[in-house]
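Notes for the one structure printed next.
The values are calculated or read from the model by the stated rules, or taken from the named source; none is laboratory data. What you see is a predicted model; the values in this text were computed from it and never measured. Backbone-built Cβ (ideal geometry, glycine too); neighbour counts: all protein chains shown. All accessible areas refer to the heavy atoms of the entire protein, side chains included, with ligands and DNA or RNA removed. Shrake-Rupley method; radii C 1.70, N 1.55, O 1.52, S 1.80 Å.
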Amino acid sequence: MRTAAVKRFSVYGLVVLVAVTLFYSCSAPLTDGEVDKKKTVALIVRMKHGDYWRTVKLGAEMAAKEYERNLNFYAPDYEEDASKQMELVQQAIADGSETIVVAPSDEQVLREAIKLTRERAIPILVLDTVGKDSAVKSYIGTDNYDMGMKAFEKMVYLIEKKGQIALLGTDRVKANAKRREQGVLDLLPRETQVELVANENIPLDKKQIGEWTRELIRKHPQLKGVIALDASTAIGVAEEMENSGLRDKVKIVAIDSPPEVLEYLQEGIISATIIQKPLSMGYLGVKYAVEASNGEAVPSLVDTGTKVIDRENMFWSENQKLLFPFVK
Amino acid sequence: MKRLLAVIKVKRIQFIITTSFTLVTVLVMLFVGVMLYGKFAQTAEQNAYLHTQQILEQVKYNLDSYLNGMTQIFELVDDKIRRSKGLTADKLSEQLETIVETRKDIVSIAVFTRDGTLLATTPSKVLRSNTRLTEQSWFQKAIEDPTNLSFSLPHIQNLFKGEYTWVVSMSREILLHGPDGEIPAVLLVDVNFKEIDDLCQRVGLGKKGYVYIIDLVGNIVYHPQQQLIYVGLKNENRSLPLKHSYGSYVEETQDETRLITIKTIDQLGWKIIGVSYMDEIVTTKKEISRFIFWLLIFVIVIVLFVLHYLSAKISRPIKLLERSMEKVEQGDFSESEPIRGSHEVEQLSLRFHLMVAKVRELMHQIIREQEAKRKSELEVLQAQINPHFLYNTLNSVVRMVGNGKNEDVITTITSLSKLFRISLSRGKNIITVREELEHVRHYLIIQKMRYKQKFEYEIVLEDEDEVLNCLTLKLLLQPIVENAIYHGIEHLADPGRIRIYAGLIDGKVLLQVSDNGLGMSPDVLAQVKAGYYKSEEGSGVGIQNVQERIRLTFGEEYGLEIASEQEEGTVVRVWIPRQVAEERDRL
């Protein structure tokens with residue numbers, strides 16, 4: 001009798017205890033923030049520094065805030081550090097990301113990333129580089145071919161449709177640069193009076209770019225313009241032109257808008273630059289990543305667009321925010 | 001439905017307690033829940049409105065004071081320049097430098113002529129080419145409105161070499177003291193936009209809400225998503241805020257409902273617009289309702305358990321009581337344990353147990369009495385045909401025949417015949433006093449014959465008419481008379497005398513047998529009274545049998561009284577109720 005009563009009491013006590021625990025566990029999330037419950041989007045880019053990637057990150061942060069996601073940002077210290085980037089992809093997956101948005105340094109990184117995400121059924125989106133793989137939910141980036149065409153058209157306009165021009169890329173064979181080059185080359189036959197006198201890839205080294213520029217001018221005194229297929233090359237060429245006093249004679253069309261390019265642009269040494277929209281890239285990357293992870297259909301290819309900037313329009317208010325994304 | 005109710009035993013106390021209390025609890029909780037939800041939800045909404053208002057007020061205050069500070073600095077610079085008559089540009093620059101050094105957020109101070117020539121600047125920097133400064137808004141505003149300080153929209157400062165910085169430009173026309181008298185000039189103070197940007201960026205309205213600023217005509221001064229708006233990925237409807245200076249309204253698009261709150265900085269006409277998302281307020285409401293819902297569930301579960309326990313505790317003893325009653329109903333009167341529980345139930349159980357005990361006692365008594373009655377009757381039956389008595393009597397008759405006393409034989413046989421007739425009396429137990437007296441008279445006649453006239457007897461009647469018709473048990477007097485003869489008179493030297501009396505006293509019938517025999521010692525008397533003493537011979541029907549039969553038939557208040565004194569004799573009184581026989585029975 002006595003033991004039965006004790007037993008019954010302990011059962012009731014247990015029930016009350018369980019109920020209280022349940023009660024607290026269901027009311028606790030009300031006071032705690034829901035930060036921890038937010039899903040995480042991983043953004044893996046090619047480099048930690050530089051306005052371009054920082055702008056991508058800025059756009060991604062805006063989308064992450066809007067769609068209430070955590071954003072984990074991964075980047076190697078140096079551009080094109082593919083092996084480091086591969087580690088970062090693995091790291092991002094190990095960190096339990098809901099979706100991976102990656103701007104791969106090379107094909108191998110992309111393949112590895114696709115393999116890893118497929119194993120865990122994580123959606124993967126690719127920024128900046130257009131590739132072809134059905135596993136990738138969406139490619140978000142610039143149409144580099146179009147960029148090349150725009151650069152050529154601007155150059156043709158600048159040299160008033162006739163004269164010798166040169167095309168300069170880097171020796172690092174990069175899919176994006178190749179596409180830009182193709183854009184230029186495909187339009188070339190249309191302009192019968194425009195002559196391409198040089199098309200070369202040289203190392204990203206100021207001294208070598210300077211030497212190549214001097215050689216080019218020596219060989220082709222009638223040279224009217226240089227299209228540089230990336231910003232660093234453009235800066236090197238512009239520097240050489242300024243030093244050799246040819247700033248008004250040879251037009252330079254550049255790609256992207258690091259501060260040096262903008263300085264040369266205002267000074268008139270670089271005549272125009274074709275800019276991408278890294279902010280849109282970052283923003284749309286995360287936006288579509290969220291939608292893809294929600295099972296919504298996302299466009300498989302997104303062109304974030306380009307814009308031709310010259311001295312005339314560089315301080316227009318709508319361009320200021322594109323060219324100078326950060327308030328310093 | 002009825003069957004279902006029957007299955008769960010709706011009328012059970014436990015069920016009634018549990019359901020009614022649960023019902024009351026649920027109703028009360030629902031009422032409280034609804035009230036709380038209403039109040040909380042209302043408060044949450046009001047708080048959201050109030051919160052937005054307060055935050056915007058704070059932003060406005062901060063911006064106001066920041067811009068006021070900047071205005072003061074501009075005036076200070078203006079004052080410095082005005083007082084520095086005849087100073088060279090270098091000297092002036094030096095003076096301005098001290099001001100710039102005190103404020104980190106001043107990017108540069110510069111003085112231009114009306115045609116755009118740089119007169120002085122601090123910190124001293126090289127002017128860029130292609131600045132188009134005369135086309136810039138701050139320059140034009142200063143020329144157009146020379147008296148009022150103008151603030152530009154945030155823009156990129158492209159005048160001096162170095163970094164491109166986001167600034168807000170303050171500009172106004174001032175007068176310079178030159179060699180040729182006063183000349184008009186434009187004073188420019190560029191303030192870093194970062195301060196304002198930071199201030200606005202830090203402001204959050206809920207998780208998604210934000211603050212943005214537009215100028216008089218709707219240009220964006222600050223917007224957290226300005227770049228997205230420029231590239232066309234986002235859109236901000238600025239038409240409504242443009243029309244209002246203060247207040248708040250709810251803006252509904254197909255996706256979301258937003259609360260827009262507007263405040264205006266009077267100084268510049270800039271509008272601070274707070275955007276908060278209603279779904280976040282609704283989320284708060286949802287959270288409250290979820291909380292209340294779980295609270296309700298929790299309380300109901302707890303209450304159910306507690307009630308289950310309580311009602312079981314209350315109803316258990318009643319159930320036990322019911323069960324023990326059922327046992328009694330089925331005839332099981334065995335002793336059971338008293339039930340513990342509430343005071344009432346304990347009392348009820350106690351009373352019930354007492355009652356059962358009494359019933360049990362009574363039943364035992366009845367059984368005992370029945371047994372005793374049967375035994376006595378058996379004894380009487382035996383006495384009716386006592387062979388010993390018959391043998392003695394017949395022996396006497398034989399002796400009488402031998403002696404030729406035919407008269408006596410006739411008397412004896414006649415009496416014996418009468419005795420047996422009354423004795424049998426058609427199997428009845430109850431006979432009239434008349435018959436009983438007749439019976440005992442015949443008995444005495446026979447005994448007198450046997451004992452050769454050793455004793456005399458007389459029968460005295462009082463209220464003769466009534467007492468003879470009263471009812472009595474059969475064979476009451478014979479055993480008493482038998483005792484009187486065998487124990488009192490048989491061994492007496494003197495002639496014995498037996499007196500039988502019948503009469504009504506105090507509404508009872510008294511039959512009395514008295515003799516003048518040996519009497520009994522007090523010890524023997526006590527033994528006789530207690531029923532231990534029994535004669536060896538005779539009918540075998542003892543005094544005790546007589547006593548028992550009277551008591552079993554008429555009750556405890558009737559029976560025998562014996563008084564005896566040695567050498568004096570014995571008196572035995574028989575008390576029976578006064579019951580008159582029906583007419584037909586008398587026949």
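The apolar share of the surface of chain B, taken as the fraction of accessible area on carbon and sulfur atoms (1.4 Å probe, ligands and nucleic acids excluded), comes to 55 percent. Summing charges over neighbours of B:Leu233, with a neighbour being any other residue whose Cβ is under 10 Å away from its Cβ, gives +3 when K and R count +1 and D and E count -1. GNM remark for chain A: springs join alpha carbons under 10 Å apart, and the peak mean-square fluctuation among A:Gln208, A:Gln182, A:Gln276 falls on A:Gln208.
Here the dipole of chain B is about 1460 debye; that uses its Cα centre as origin and unit charges on the Cβ of Lys and Arg (positive) and Asp and Glu (negative).
Over segment B:301-355, what number does the Rg to Rh ratio reach, with both radii from the alpha-carbon atoms and Rh per Kirkwood? Provide the component values of the computation, followed by the final result.
Numbers: Rg = 13.5 Å, Rh = 12.2 Å.
Rg/Rh for segment B:301-355 comes to 1.11.
Taking a straight Cα-Cα cut-off under 14 Å and skipping sequence neighbours fewer than 8 places away in the same chain, the aspartates and glutamates within cross-link reach of A:Lys307 are A:Asp143, A:Asp146, A:Glu153, A:Asp256, A:Glu318. Rounded to the nearest 10 square angstrom, B:Leu350 shows an accessible area of 90 square angstrom against a 1.4 Å probe. Derived value for segment B:67-125: Kirkwood hydrodynamic radius 11.8 Å. Basis is the mean of 1/r over every pair of different alpha-carbon atoms. Restricting the GluC sites (Glu not before Pro) of segment B:247-282 to loop positions (DSSP other than H, G, I, E, B) with no more than 16 neighbouring Cβ atoms within 10 Å leaves B:Glu256. To the nearest Å, what is the center-to-center distance of segment B:434-493 and segment B:251-287, using C-alpha atoms only? If we compute the Cα centre of each part, the gap is 129 Å.
In terms of solvent-accessible area of protein heavy atoms at a 1.4 angstrom probe, what is the ranking of B:Tyr212, B:Tyr37, B:Tyr457, highest value first? Walk me through the numbers on the way to the answer.
Working: B:Tyr212 0, B:Tyr37 80, B:Tyr457 60 Å².
The most accessible residue leads, giving B:Tyr37, B:Tyr457, B:Tyr212.
Peptide B:222-233 shows a mean partner chain C-beta count of 6 within 10 Å per residue C-beta.
Could you order B:Lys91, A:Lys132, A:Lys321, B:Lys243 so the one with the most accessible surface comes first? Probe is 1.4 Å.
Details: B:Lys91 110, A:Lys132 195, A:Lys321 15, B:Lys243 155 Å².
So, going from the largest accessible area down, we get A:Lys132, B:Lys243, B:Lys91, A:Lys321.
All distinct Cα pairs of segment A:119-212 go into the 1/r average, and the inverse of that average, the Kirkwood radius, is 15.3 Å. Anisotropy class assigned to segment B:431-531 is oblate, per the alpha carbon gyration tensor with a/c at or over the 1.5 cut-off and a/b no larger than b/c. GNM on chain A, alpha-carbon springs under 10 angstrom: the most fluctuating residue among A:Arg218, A:Arg180, A:Arg118 is A:Arg218.
Accessible surface of A:Lys328, taken over heavy atoms with a 1.4 Å probe and every protein chain present, rounds to 90 Å².
Checking the table A:Lys38/A:Lys328; B:Lys104/B:Lys271; A:Lys57/A:Lys224; A:Lys38/B:Lys194; A:Lys57/B:Lys263 against a 28 Å threshold on Cα-Cα, which pairs fail? Display every interim value, and only then the final one.
Values: A:Lys38/A:Lys328 31 Å; B:Lys104/B:Lys271 26 Å; A:Lys57/A:Lys224 38 Å; A:Lys38/B:Lys194 30 Å; A:Lys57/B:Lys263 32 Å.
Beyond 28 Å: A:Lys38/A:Lys328; A:Lys57/A:Lys224; A:Lys38/B:Lys194; A:Lys57/B:Lys263.
A:Ser134 contributes about 120 Å² of solvent-accessible surface, heavy atoms of the protein only, 1.4 Å probe.
Computed over the Cα atoms, what is the radius of gyration of the protein assembly as shown divided by 2.2 N^0.38 Å, N being its residue count?
Numbers: Rg = 65.2 Å, N = 915, 2.2 N^0.38 = 29.4 Å.
Rounded to two decimals, the normalised Rg is 2.22.
Springs join every pair of Cα atoms under 10 Å in this Gaussian network model of chain A, and among A:Ala42, A:Ala135, A:Ala92 the largest mean-square fluctuation is at A:Ala135.
Based on the alpha-carbon gyration tensor of segment A:149-255 and its eigenvalue square roots a ≥ b ≥ c, which shape applies: rounded if a/c is under 1.5, prolate if not and a/b is larger than b/c, or oblate?
On the way: a/c = 1.76, a/b = 1.09, b/c = 1.61.
Oblate.
Percent of Cα pairs in segment A:52-130 per distance bin of 5 Å, from zero to the largest separation: 3, 14, 27, 27, 20, 8, 1.
Taking 25 Å as the cut-off for C-alpha to C-alpha distance, list the pairs among B:Lys452/B:Lys529; B:Lys508/B:Lys529; B:Lys375/B:Lys529; A:Lys207/A:Lys249 that go past it. List each step's numbers first, then the result.
Details: B:Lys452/B:Lys529 31 Å; B:Lys508/B:Lys529 21 Å; B:Lys375/B:Lys529 19 Å; A:Lys207/A:Lys249 22 Å.
Pairs exceeding the cut-off: B:Lys452/B:Lys529.
Where in chain A are the helices, taken as whole DSSP H runs, whose Cα atoms extend 27 angstrom or more along the long axis and whose Kyte-Doolittle mean reaches at least 1.0? Intermediate values should be presented prior to the final figure.
Working: long enough: A:2-31 (43 Å, 1.12).
What comes out of the filter, once short or polar helices are dropped, is A:2-31.
Ignoring ligands, DNA and RNA, what percent of the accessible area of segment A:214-277 is carbon or sulfur (1.4 Å)? Display every interim value, and only then the final one.
Details: 1020 of 2230 Å².
The nonpolar share, carbon plus sulfur, comes to 46 percent.
Largest first and in whole Å, give the semi-axes of segment B:127-175's equivalent ellipsoid, each being the square root of 5 times a Cα gyration tensor eigenvalue. Could you put the intermediate results ahead of the total?
Numbers: eigenvalues 82, 28, 15 Å².
Working from the Cα gyration tensor, I get semi-axes of 20, 12, 9 Å.
Think of each Lys and Arg Cβ as +1 and each Asp and Glu Cβ as -1; about the Cα centre, that makes the dipole of the protein assembly as shown roughly 1560 debye.
Chains A and B: how much accessible area gets covered up at their contact, both sides added, probe 1.4 Å, in Å² to the nearest hundred?
On the way: alone 17460 and 34050 Å², together 47460 Å².
Buried surface at the A/B interface: approximately 4100 Å².
If you count, for every residue in B:147-160, the Cβ atoms of partner chains within 10 Å of its Cβ, what is the mean? Let's see the in-between values first.
Working: counts 0, 0, 0, 0, 0, 0, 2, 4, 4, 9, 0, 7, 0, 0.
Rounded to a whole number, the mean comes out at 2.
Shown here: chain B, whose C-alpha atoms stretch 205, 50, 39 Å along the first, second and third principal axes, sorted largest to smallest. Rounded to the nearest 0.05, the FRET efficiency derived from the C-beta distance between B:Gln46 and A:Asn70 at R0 = 35 Å is 0.65.
Would you mind working out the magnitude of the charge dipole of segment A:126-245 relative to its Cα centre, with +1 at each Lys and Arg C-beta and -1 at each Asp and Glu C-beta, to the nearest 20 Debye? Could you put the intermediate results ahead of the total?
Numbers: 18 positive and 19 negative charges, 29 e Å.
Approximately 140 debye in magnitude.
What shape does segment B:10-75 have by the C-alpha gyration tensor, where a ≥ b ≥ c are the square roots of the eigenvalues, rounded means a/c under 1.5, and otherwise prolate means a/b greater than b/c and oblate the rest? Here segment B:10-75 falls in the prolate category. Seen against the Cα atoms of chain B and their longest principal axis, helix B:13-83 is set at about 20 degrees. Residues B:Glu436, A:Glu112, A:Glu211, A:Glu107, ordered by accessible area of protein heavy atoms at a 1.4 angstrom probe radius and largest first, appear as A:Glu107, A:Glu211, A:Glu112, B:Glu436.
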